Structure formats: C-alpha cells, structure tokens
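Below is one structure; the comments refer to it alone.
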Amino acid sequence: MRLSALFEEFRHFLRVEREATPRTIQTYRWCFGDFEAFVMKQMGGTVLVTHFTADKCRSYQYDLASRGLKTASIRVRLATLGSFGKWAVRRDKLGRNPMDALTRPRKKARLPHVPRWEVVEKLLVPSVAVRERALIALMAYGALRRSEVVGLDVGDVAPDFGLRRVLGKGGHEASMPLPAPALAILNEYVRTERAGAAASEPLFVVTFRMKGCTRSTRRMSGQRMWKIIKDIGRRVGIPELHPHAFRHACGAEFLRRTHGNLRAVQEHLRHKDVQTTTVYTKVTQQDLQQQLRVFDNGGEENKDSRPSPQGI
C-alpha cells in the first residue's frame, strides 16, 4: 500500500473526527509531503507503508538538521509524522509507531522579539496610510494573529465595540473588544476604504490588474500582509519586524499597564494555558538595564550603614 494513500485516510480522520481546520490539515499535508519527497529520493520510486520505518524517520531528521532549519521547524515536521504514526497504530495499520524510537530535539525556550511600544505608536500616526494603520492597530491593540486579521469580513466590525467575530486557532470564534485608539483607526478605514462594501465582503482586500486592463479585488492573503509589514519595517529601520511581533508587543505592554495581571492578558490574547502567557513576565533587556542602575556609583545613595543581623 502506498504511504500517501494511508495518509489520505489520516487526513479524513483529522477533518471528520478531529474537526481540524483546513489550515491545520494543510500544514499536516505539507509536512508529510516533505517527508515523502525525501524518502522517494532515497528509494528512487513509490513510497510504500513498509518504508515508514524508524531508520527512514531518523535519516529524515538528520536531513532536516543539515538543511539548517530551526528547532521549531524540525519539531513541527516530526510531530506530524508522530501523530500520523500514532493514528496508524491505533487503526492497526502499523505494528508500532516508528517515531517512538527517535529522540526529538528539545524545545528551546526563547524570548519573543518585542518592538518597543513607542515604535508601535509612531506607526499609528495619521501620516501613515490608513490601511497600514488598521492592520497594525488590530495586531497591536487587539492581539490578532495574521490569519485572524485577513479572515475578517466587513460585517465583523462593530463601530462602538470592536469585532463581533474573530475566527481564531482551531476554528474557535470569539468577540474582541478594542480600545478607543484602535476603534478610531478601524472605523476610519471602513469609512474611507470599504464604504459601501457588503457585510459578507472581506475587510482587507488587494486590487490587481487582469488581462484586458480590467481590475479585480480579492481577499488579502497572509503572505501579502507579511510583505506589507516587512516593507513597513524596512521603512522605519527595523527590517526584522514581522506581523506576530505586534501581538507580542500587545502582550508585553498590556501586562505592564495592568501591573502584572496575567489573567487579563491571557484572556485578551486567548491563550488556553496561562503558562504560554508567562513569557511576557520576563524582564526585557531595557528594563533590566534600568534596574541594574542601583549598582551605579557603588550604590552609595541606597547604602545602609547599619550592621547586618549576622554581623557580616
């Protein structure tokens, strides 16, 4: 049996029984396709179920590492194979999961790159194009992900509240209140750029020329939005800026302004586990530098001349 045929059964399971989103299924399919292409190149022909072995999976892991991929990328691809193997064993398609024999790379704890809030505010001044300001406001104030922003429709905007519906990860829907600055920008964008658009039409669109000099519009893609933000970053001298950085900035600034209210930040960012939210409690390098100033001048200003209880 071809391994790809068995994987199609797995995709059907994800879609029907697990109710996975199309985006999730697409990611699974892409990761499996990369593994299949690797094995096909090694075998020189069709990839069969018998080729899904621990040795092949281990060789694939080494190949991923040799490509210079980041640990997170490698973990995602191996996790796809692990889930596939686990399902195949439960359905009696395999005797054992070949991924169980592998030692996967450990997840590295790293702090997200967070732009300073002053930088975010400079990108929201009226001199910036209203569409760019609307995109940034939704991510920086609403903590929306890139896919959530481009998935919005005109009817999702509630002028006095924020967003009636946001389709998040895993297909979960939620309403999203927005603060006054973000509401003002979003309402201005709808009034000037999407006036007359039906409620079911996309909130953010791109216009392009077709053959015959006719113009057409379609929903903005996540890739297009990525390019817009990268272009903004280059213009302001921050080439590493990317869409998700604004979500991080929102989490860090909201935590600071609520004096460490993790529960409020978790709710706003829609994290299932509060442990995900705790990354924003890490002291930034700038904050740490300010705190370390207590050591300046030998700490003479705060020096206590009283002897310690231990007499040291």
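The values are calculated or read from the model by the stated rules, or taken from the named source; none is laboratory data. Note that this is a predicted model, so its numbers are computed, not measured. When we count neighbours, we look across all protein chains shown, and the Cβ atoms used for this are built from the backbone with ideal geometry, even at glycine. Accessible surface areas use protein heavy atoms only, side chains included; no ligands, DNA or RNA. Shrake-Rupley method; radii C 1.70, N 1.55, O 1.52, S 1.80 Å.
The share of accessible area on the chain that comes from carbon and sulfur is 51 percent, using a 1.4 angstrom probe. Each of T207 and R235 was given a label point 7 Å from its Cα along the Cα-to-Cβ line. The distance between the two points is 1.8 nm.
For a straight C-alpha distance cut-off of 30 angstrom, the lysines reachable from K56 (same-chain residues fewer than eight places away being disregarded) are K41, K70, K86, K93, K107, K108. The R215 and K282 beta-carbon pair, evaluated with R₀ = 35 Å, returns a calculated FRET efficiency of approximately 0.15.
Normalised by the number of residues in the chain, the mean separation of alpha-carbon contacts (under 8 Å, six or more apart) gives a relative contact order of 14 percent. Reported value for the stretch 163-279: 163 Å³ per residue, from the convex hull of its C-alpha atoms. Restricting the GluC sites (Glu not before Pro) of the stretch 1-73 to loop positions (DSSP other than H, G, I, E, B) with no more than 13 neighbouring Cβ atoms within 10 Å leaves E17, E19.
Placing pseudo-labels 7 Å out from each Cα toward the beta carbon at V294 and Q26 gives an inter-label distance of 5.0 nm.
Each helix, a run of at least 4 DSSP H residues, gives -39500 (n - 2.57); summed and divided by the residues of the chain, these come to -15000 deg cm²/dmol at 222 nm. Remark on the chain: hydrodynamic radius 23.3 angstrom, per the Kirkwood mean of 1/r across alpha carbon pairs.
May I ask you to work out the translational diffusion coefficient for the stretch 1-120 at 37 °C, viscosity 0.692 mPa s, via Stokes-Einstein with Rh from the Kirkwood sum over Cα pairs, reported in whole µm²/s?
Numbers: Rh = 15.6 Å.
It comes out at roughly 210 µm²/s.
Quick check for me: using +1 on Lys/Arg Cβ and -1 on Asp/Glu Cβ, what's the dipole size of the chain about its Cα centre, in debye to the nearest 20? Write out the running numbers ahead of the final one.
Values: 54 positive and 31 negative charges, 214 e Å.
Rounded to the nearest 20 debye, it is 1020 debye.
Which FRET efficiency, nearest 0.05, do E173 and A37 yield, Cβ-Cβ r, R0 45 Å? Given R0 = 45 Å and the Cβ-Cβ separation, E is 0.80. A simple spin-label model places the labels of A54 and K107 2.5 nm from each other, with each point 7 Å out along Cα-to-Cβ.
Cβ under 12 Å from L178's Cβ, L178 left aside: what net charge do those residues give with Lys, Arg +1 and Asp, Glu -1? Walk me through the numbers on the way to the answer.
Working: positive: R164; negative: D156, D160.
Net of charged neighbours comes to -1.
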